[in-house]
Structure formats: structure tokens, C-alpha cells
Amino acid sequence: MSAAHLMVQCLEAEGVERIFAVPGEENLDLLEALRESSIQLVVTRHEQPAGFMAACHGRLTGQPGVCLSTLGPGATNLVTAAAYAELGAMPMVMITGQKPIKSSKQGHFQIVDVVDLMRPVTRYTRQVVSGETIPARVREAFRQAEEERPGATHLEVPEDILREDVDASPMTPSRARRPVAEDKAIAQAVAAIEQARRPLLMVGAGANRKVTARMLRQFVDRFGIPFFTTQMGKGVVDEAHGCWVGNAALSDGDFVHRAIDEADLIINVGHDVVEKPPFFMREGKRKVIHINFSGAEVDAVYFPQLEVVGDIGNAIWQLNERITPQPHWDFDFAHRVRAALDQDLAGFTERDGFPVHPRRLVHDVRQAMPDDGIVALDNGLYKVWFARNYRARRPNTVLLDNALATMGAGLPVAMGARLVHPERKILAVCGDGGFMMNSQELETAVRLKMDLVVLVLRDDAYGMIRWKQQDMNLPDFGLSFGNPDFVQYAESYGAAGHRVETTDALAPVLADCLARPGVHLIDCPVDYSDSQRQLFKDIPERSRALNP
């Protein structure tokens, strides 16, 4: 058996169902082995979106997504996707090709040290130097990719190694149970929560596991402790729940931060300092309990006083079993914060000015999407508005990146979600800048006969940076660009193009596109001009008016 066929067998043993790829001549033997396998090959138009799709697969399934590229420029194009998966804790395995290592007549043509290049953005990167070691290398790459905290791993497989005759077989994957928190730590957490007067629960990305989400819902229902979410913790607990007091889309000054300011204890579940700070910690202001798979990484904005380290779902289950509701708990102010937030989120939703205001945009998208529908966000100013104003009803229904926060991921992530959940409504929301970074994947979506809606928010500029430039009182310079006719652009790929020309037209266009099969692109002009005033003046002023 060839090493290439052995490698594919190892991937099948790991449960791999599809590989996202831009193959090259160095892995043609692997490509041929894939042709004869059960694994679906998804050929993309660029390696970076192949990596984003693989990362999305890992994020949604908990099992590493796999992507494949050739050597040199193909491998370097995966670096951003590797950082995206590693920082965002998404399990992903990358396989890249390489020239023969035993004998090559091409000198250093296309050669870069990909293994070392990947080292800062992965937790495991190796060159396979013998076909016989493929089972061990593949097993270790998958094991490390899916360990808590999940992330990216990389294997480089030279052309001549793939052609070796081997006498080996795949390893059987082993599944280790996560260690649980020690009893003393649980007891300390129970005591702190029962002694607190205004405890507050914070739900971060690390809590986004099925068992943990179920335990957290039981926790909130049983004790009535108010909760808020980080951007990447959206939907872990239903944000329509009466105890939800907001999303920390901003680090300070929002309604949710009034509840944070008045809390004497924050139960922090699954937060990681790689995510933008949901609030600024101040020495002596309040006690913070850190509940996570690993210990807290101390930072100037995060230094918890008590840590519960171990399986998060088990830790919350233990708290559910051992906490006794206390008569001195006082959630009145948190409920007032929730009422004020409800009033704020309902405001401006009838604005009919054009281009579309972000508040109206988020409202219309929320109305159009079913509770299990998935919104995949690229990166831009609209992400803040979606994180803040869009109420996620279920886990993994708002896919945003608040770790690497890279542009260009929105469309590929939506496509990855479509392959994992073919039965759901999927909407990609992209700024025009981010969309054009990987817009060529429209062809991939059409070729795969996807049902997918892409909402392109057009302001003809790198809007978020332009907004920051304005905030710094700098001249408007260097951030504007032109765009193609997005309707014609979509149609040139075989997709359907739609243009929003009035604000009232957005909702019916969205509903129509979501109801129809095929790939649909909606060109929607957006107006961010008052976001600075709204987010950093009006909202903080209204939130400060709340008094305990």
C-alpha cells in the first residue's frame, strides 16, 4: 500500500467526512487516494477560505476540520486561517505538500520552511519523514487539535514520502475524559456565590459545548442569577431569557456594564483573554470566579480571585447540585438594566432613512431568521451592532470572530456552516471590504449547489477604520475604494443578485431570498455615520441614568 492511501485511511479512521482543498502537484498521489475514498473533496478557489471552512467545521462539530494545500504559496495562504482557528479555539488540521526530501532536482524552487512558519500559529506542526510514521503523526495532530483548548495543527507531507510502500495501519482514536475540578475549588465557589449579594454570570466562548449550555440553562432557571454574554458566547444561553442583561460588544459604557459595575461577584464561565475584554477589571471592585478548562491567563484586564479548573459542564453541574438560593440575593437592579436594554434595543427599528441604519438592519435580519438559522459575520463595524442588538436564541447561531477578528472569513464560514447544517437557513453578513477579499468563493457555493444568502453591506470604504479615524479627529484619508456592481458580479458566477434601494425593501428581499433555493447576493447600502455618537455618547448617557 502507498503512504498516500495509508494517510487517507488514517483520515477516515479519524471520522473525516470532507476536506477543503486547493491541491498541487506535490500532493497528486494524495488526491488520487482521496478519489477512491469516502471523503468528500471540496475544491475552493483559494487556500485561505479553505482554512476558514475547515475551522468552521471544527467549531460547529467539535471534530477537527481538515484542509489541504500544496507547498510554498499554497501553504503560506493557510497561515491566516491557522491563526483564526488557533486564537478562536476551533479544531482544525492542515495538510500541506512539499518537494521530495530524499532527492530533488528543483533546487530551492518554492521552498520555504513551512513547519517553522506554522509554529507560532499552531500547537503542533511536523514534517512527515517516513511513511511508516503517518498513523502516529495523524493521530497526534488530531488529538492536539481537539484537546481543550482546541486549535490548529499542521502536517507537511513531502511528495516522495507519499509514494513510499508501507506496511502500517491507522491507529484507533482514543477519547479521554476531561478532568473535573477539585472539590475544594467547587466548595469555595459555592461559598462565594451564596455569600454574594449581587452575583452576575458571564458566559464566554469556552462555554459553547452542548452539555455546558444545558447545565448553564439549568443554573439560570434554578437560581435566577442574571447573565450576560461575550461576543463569542452569544447563544450559549437563550438571549431572550428574562435573566439576560446584554452582550458585552463594547468593553465599557453600555447598559450591561451598569449591571457589571454593581455586581459584587462575577461568575466567569469560559472566558479567554484572547477575546476582546468584555469589561475592565479594577482591583478591589468585585470578586471574579474563573470557571474554565484551564487556569486563568493573568492580564492587566483579567485577574480572577478564585479559579475552578476542569470540565466546565461538570463544574456547573456541581454548582447546580450544591448551591442553595439565598434570600439576600438582590437582582432588582439587574432587572431594571434588562428593562432599559429592552427599550433601547426596540428603539430605532422603524428608521426609514436610507442607506440603512445598522440598528434597523439588525432588527430586520433578526425578524427574517428562524431561531435555528445561522448568521455568519465577517469583521467590521456591523459586527458590534449584531453582537449587541441581535438576540441569539441557540448556540452557534451567530458565528463571529472576536479573537483574530480577520476580514474575509464571513462568506467561507457561512459555506462551512451550510455543509454541516444543510437543513438550516444560512446568512452571511459581510462588509464590502471583507466580502471582496474572498468573493471568488461564490463560484464554489454555486458549484456545490448551496442554498445560501450573502448580505453585502456597502459603504465603499473600510468603514470601521474610517470610523476610528473620525473618532481621532483625523482627516478622511486612505480608506475609500470603489466596488463592482454586486448584482452583476453575483450573476456572473451563476448566483442571483438583488439590490436594496429603500430601507423598507430590505426585509421582504431577505425573506424572499431565504425562502428560495440557490445562492443569493443582496447589495445593501449601509450608513454608519452616527455609530460613534450612538455607541460612545448616547448609549453611555442613557445607561448612566440608571441608578441602583
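The values are calculated or read from the model by the stated rules, or taken from the named source; none is laboratory data. Keep in mind the model is a prediction, meaning the values are calculated, not measured. With ideal geometry, Cβ positions are generated from the backbone for all residues, glycine too; neighbour counts draw on all protein chains shown.
How many of the residues in segment 303-334 are among the hydrophobic types (A, V, I, L, M, F, W, C), assigned to a helix (DSSP H, G or I) and under 30 Å from Asn547 (Cβ atoms)?
Residues of segment 303-334 that are among the hydrophobic types (A, V, I, L, M, F, W, C), as a first pass: 303, 306, 308-309, 312, 315-317, 319, 323, 329, 331, 333-334.
Next, only the ones that are assigned to a helix (DSSP H, G or I) stay: 312, 315-317, 319, 333-334.
Okay, now just the ones that are also under 30 Å from Asn547 (Cβ atoms), so 333-334.
Counting residues in segment 303-334 that are among the hydrophobic types (A, V, I, L, M, F, W, C), assigned to a helix (DSSP H, G or I) and under 30 Å from Asn547 (Cβ atoms) gives 2.
Taking the conditions exactly as written (of a type outside the set (Asp, Glu) and either out of contact with any strand residue (DSSP E or B) (no Cβ under 9 Å at 6 or more places or on another chain) or at positive phi (or both)), does Thr61 satisfy them or not? Outline the logic, then answer.
Values: of a type outside the set (Asp, Glu): yes; either out of contact with any strand residue (DSSP E or B) (no Cβ under 9 Å at 6 or more places or on another chain) or at positive phi (or both): yes.
It is true that Thr61 is of a type outside the set (Asp, Glu) and either out of contact with any strand residue (DSSP E or B) (no Cβ under 9 Å at 6 or more places or on another chain) or at positive phi (or both).
Does segment 135-149 contain at least one residue that is more than 19 Å from Gly15 (Cα to Cα), of a type in the set (D, E, K, R) and surrounded by 23 or more Cβ atoms within 10 Å (Cβ to Cβ)?
no
What pairs come out if I take residues in segment 473-487 that are closer than 16 Å to Gln532 by Cβ and pair them with residues that are surrounded by 12 or more Cβ atoms within 10 Å (Cβ to Cβ) whose C-beta lies under 6 Å away, six or more apart or interchain?
Leu479/Ala461; Leu479/Tyr462; Leu479/Ile465; Leu479/Arg466
Take the conditions under 29 Å from the mean Cα position of the chain (by Cα), under 26 Å from Ala403 (Cα atoms) and of a type in the set (Lys, Arg) and apply them to Arg177. Does it pass?
Details: under 29 Å from the mean Cα position of the chain (by Cα): yes; under 26 Å from Ala403 (Cα atoms): no; of a type in the set (Lys, Arg): yes.
Considered against the rule, which asks whether it is under 29 Å from the mean Cα position of the chain (by Cα), under 26 Å from Ala403 (Cα atoms) and of a type in the set (Lys, Arg), Arg177 comes out as no.
Sort out which residues of segment 380-416 are outside any loop (DSSP other than H, G, I, E, B), closer than 22 Å to Glu441 by Cα and among the charged types (D, E, K, R), and write them in order of number.
Lys383
Here are Thr70, Thr96: which of them is surrounded by 24 or more Cβ atoms within 10 Å (Cβ to Cβ) and hydroxyl-bearing (Ser, Thr, Tyr)?
Numbers: Thr70 fails: surrounded by 24 or more Cβ atoms within 10 Å (Cβ to Cβ).
On inspection, the qualifying residue turns out to be Thr96.
Yes or no, residue by residue, for (1) in contact with an Asp or Glu (Cβ under 9 Å, 6 or more places away or on another chain); (2) more than 22 Å from Asp272 (Cα to Cα):
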{"position": "Gly353", "(1), (2)": "yes, yes"}
{"position": "Asp364", "(1), (2)": "no, yes"}
{"position": "Ala368", "(1), (2)": "no, yes"}
{"position": "Ala376", "(1), (2)": "no, no"}
{"position": "Ala414", "(1), (2)": "no, yes"}
{"position": "Phe435", "(1), (2)": "yes, yes"}
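Among the residues of segment 310-347 satisfying the criterion of being more than 29 Å from Arg209 (Cβ to Cβ) and buried (at least 17 other Cβ atoms within 10 Å of the Cβ), which is nearest to the chain's Cα centre (by Cα)? I'd like the intermediate steps shown before the answer.
Step one: of segment 310-347, the residues more than 29 Å from Arg209 (Cβ to Cβ) are 327-328, 330, 332-333, 336, 339-340, 343-344, 346-347.
Within this subset, residues satisfying the condition of being buried (at least 17 other Cβ atoms within 10 Å of the Cβ) are 333, 336, 340, 344.
On the way: Phe333: 32, Arg336: 31, Ala340: 29, Asp344: 26 Å.
Here the residue is Asp344.
Hey, any hits in segment 424-446 for a residue that's among the aliphatic types (A, V, I, L, M), under 15 Å from the mean Cα position of the chain (by Cα) and at pLDDT below 95?
No, segment 424-446 contains no residue that is among the aliphatic types (A, V, I, L, M), under 15 Å from the mean Cα position of the chain (by Cα) and at pLDDT below 95.
Which ones in segment 407-446 are among the charged types (D, E, K, R) and either closer than 24 Å to Gly482 by Cβ or free of Cβ contacts under 8 Å to residues at least 40 places away in the same chain (or both)? Explain how you work it out, then say what you get.
Let us first name the residues in segment 407-446 that are among the charged types (D, E, K, R), namely 418, 423-425, 432, 441, 443.
Result: Arg418, Glu423, Asp432, Glu441, Glu443.
Do we find a residue being of a type in the set (Asp, Glu) and surrounded by 13 or more Cβ atoms within 10 Å (Cβ to Cβ) anywhere in segment 284-299?
Within segment 284-299, not a single residue is of a type in the set (Asp, Glu) and surrounded by 13 or more Cβ atoms within 10 Å (Cβ to Cβ).
I want to confirm something. Restricting to segment 26-44 and keeping residues that are in contact (Cβ under 8 Å) with a residue 24 or more places away in the chain, outside any loop (DSSP other than H, G, I, E, B) and touching a strand residue (DSSP E or B) at 6+ places or on another chain (Cβ under 8 Å), which single residue is surrounded by the fewest Cβ atoms within 10 Å (Cβ to Cβ)?
Within segment 26-44, the match that is surrounded by the fewest Cβ atoms within 10 Å (Cβ to Cβ) is Val43.
Could you check segment 288-342 and list, in sequence order, the residues that are without any contact (Cβ under 8 Å) to a residue 12 or more places away in the chain and among the aromatic types (Phe, Trp, Tyr)?
Hits for segment 288-342: nothing passes.
Filter segment 167-194 for residues that are at pLDDT below 95 and β-branched (Val, Ile, Thr); which is farthest from Val129 (Cα to Cα)?
Val180
Return yes or no: is Arg139 modelled with pLDDT of 95 or more and either in contact with a helix residue (DSSP H, G or I) (Cβ under 7 Å, 6 or more places away or on another chain) or under 26 Å from Arg388 (Cβ atoms) (or both)? Talk me through it step by step, then tell me what you get.
Working: modelled with pLDDT of 95 or more: yes; either in contact with a helix residue (DSSP H, G or I) (Cβ under 7 Å, 6 or more places away or on another chain) or under 26 Å from Arg388 (Cβ atoms) (or both): no.
Spelling it out, it is not the case that Arg139 is modelled with pLDDT of 95 or more and either in contact with a helix residue (DSSP H, G or I) (Cβ under 7 Å, 6 or more places away or on another chain) or under 26 Å from Arg388 (Cβ atoms) (or both).
So Leu155 ticks every box in (1) closer than 23 Å to Lys383 by Cα; (2) touching a Ser or Thr at 6+ places or on another chain (Cβ under 8 Å); (3) aliphatic (A, V, I, L, M) but one. Which box is left unticked?
Only one criterion is unmet by Leu155, namely (1).
Residues Glu164, Glu194: which one is farther than 25 Å from Ala3 by Cβ and not hydroxyl-bearing (Ser, Thr, Tyr)?
Working: Glu164 fails: farther than 25 Å from Ala3 by Cβ.
Result: Glu194 is the single residue among Glu164, Glu194 that is farther than 25 Å from Ala3 by Cβ and not hydroxyl-bearing (Ser, Thr, Tyr).
Can you tell me which of Arg45, Arg59 is under 24 Å from Arg149 (Cβ atoms) and among the charged types (D, E, K, R)?
On the way: Arg45 fails: under 24 Å from Arg149 (Cβ atoms).
Just one listed residue meets the conditions, Arg59.
Would you tally the residues in segment 500-529 being outside any helix (DSSP H, G or I) and buried (at least 16 other Cβ atoms within 10 Å of the Cβ)?
11
Could you grab me the full set of residues in segment 497-546 that are under 26 Å from the mean Cα position of the chain (by Cα), within 26 Å of Phe255 (Cβ to Cβ) and among the charged types (D, E, K, R)?
The one that is under 26 Å from the mean Cα position of the chain (by Cα), within 26 Å of Phe255 (Cβ to Cβ) and among the charged types (D, E, K, R): Asp527.
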